[in-house]
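Novice: Dropping a structure here in structure tokens format, bear with me for questions.
The values are calculated or read from the model by the stated rules, or taken from the named source; none is laboratory data. Everything quoted here is computed from the prediction, not taken from an experiment. Cβ sites come from the backbone with ideal geometry, for glycine too, and all protein chains shown count toward neighbours.
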Amino acid sequence: MVFLLDGGILFPMLSPYQLMMEVEGSAGEVVVVGISCGGLGFANGNLRATDSTAPSPEVEYFSGAAAYQEFLADEWLPRLRREFRIDPDRALLFGQSLGGQFAIHAALNRPELFSTWVAINPAIHANLPYFQALDAEPAETPTELVLAMGSEDPSRYRDAAAAWLAARRADPDPGMALQVIERAGAHHATSAPAAYFGIVRRIAPALSEPN
């Protein structure tokens with residue numbers, strides 16, 4: 001299973017790519033799931049800026065990530081596993097921008113929910129100290145977290161992600177298996193398709209293998 005945050009945008013963007021990968025034989029059948037936060041913008045009911053984020057001293061409406069990850073664990077994932085043939089040991093979550101912030105937060109707090117977590121250009125600039133202090137919860141195997149960074153991502157996002165990455169490399173966490181994928185020429189919004197191709201085919205080839 002590939003689970004896409006911000007599904008209203010990422011699902012129509014990436015599900016055709018997955019289909020074409022299957023048609024050409026570079027990937028097998030994959031259950032692709034998108035979960036949407038509503039229309040574009042807060043005025044249209046989109047609460048992603050709350051649901052995807054850890055607390056921040058700069059942004060008062062941040063802080064819903066803990067509740068959102070419990071919603072996924074207690075309601076959404078059990079429903080999907082009842083209705084679809086999903087192997088929890090072969091499941092990826094993709095999050096971009098604030099969704100990437102959520103991917104890091106949940107990967108370190110609830111690592112058992114997915115086998116691989118993918119944070120694409122994570123927007124952690126408004127609460128970087130929180131993430132600097134966040135360690136991975138104990139797990140049977142190190143949590144696999146992939147950080148995909150576009151070279152043309154705005155500096156406020158890229159610099160914060162780079163600072164978090166530098167701290168992790170200086171003091172490695174044994175509970176986390178961290179991989180970094182650099183995408184030359186990729187911007188904040190254009191990194192998702194490139195990251196999807198690379199990660200589904202290279203990081204999680206088991207998704208395309210029969211059970």
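Novice: In region 148-176, which residues are in contact (Cβ under 8 Å) with a residue 40 or more places away in the chain and either small (Gly, Ala, Ser) or out of contact with any Asp or Glu (no Cβ under 9 Å at 6 or more places or on another chain) (or both)?
Specialist: Ala148, Gly150, Tyr157, Ala161, Trp164, Gly175, listed by residue number.
Novice: Please go through region 58-95 and give me each residue that is assigned to a strand (DSSP E or B) and modelled with pLDDT of 95 or more, ordered by number.
Specialist: Answer for region 58-95, where residues must be assigned to a strand (DSSP E or B) and modelled with pLDDT of 95 or more: Leu93, Phe94, Gly95.
Novice: Tally the residues that are assigned to a loop (DSSP other than H, G, I, E, B) and of a type in the set (Ser, Thr, Tyr), restricting the search to region 174-198.
Specialist: Matching residues across region 174-198 total 1.
Novice: Just one of the numbered conditions (1) outside any helix (DSSP H, G or I); (2) under 12 Å from the mean Cα position of the chain (by Cα); (3) of a type in the set (S, T, N, Q) is not true of Gln101; which one?
Specialist: It is condition (1) that Gln101 fails.
Novice: Determine whether region 61-81 contains at least one residue that is within 27 Å of His187 (Cα to Cα), touching a Pro at 6+ places or on another chain (Cβ under 7 Å), hydroxyl-bearing (Ser, Thr, Tyr) and surrounded by fewer than 19 Cβ atoms within 10 Å (Cβ to Cβ).
Specialist: Within region 61-81, one or more residues are within 27 Å of His187 (Cα to Cα), touching a Pro at 6+ places or on another chain (Cβ under 7 Å), hydroxyl-bearing (Ser, Thr, Tyr) and surrounded by fewer than 19 Cβ atoms within 10 Å (Cβ to Cβ).
Residues are listed down the side, and each one gets a yes or a no for (1) surrounded by 15 or more Cβ atoms within 10 Å (Cβ to Cβ); (2) of a type in the set (Gly, Ala, Ser); (3) modelled with pLDDT under 95; (4) not in a strand (DSSP E or B):
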position	(1), (2), (3), (4)
Glu112	no, no, yes, yes
His125	yes, no, no, yes
Pro138	no, no, yes, yes
Asp153	yes, no, no, yes
Tyr157	yes, no, no, yes
Ala161	yes, yes, no, yes
Trp164	yes, no, no, yes
Pro172	no, no, yes, yes
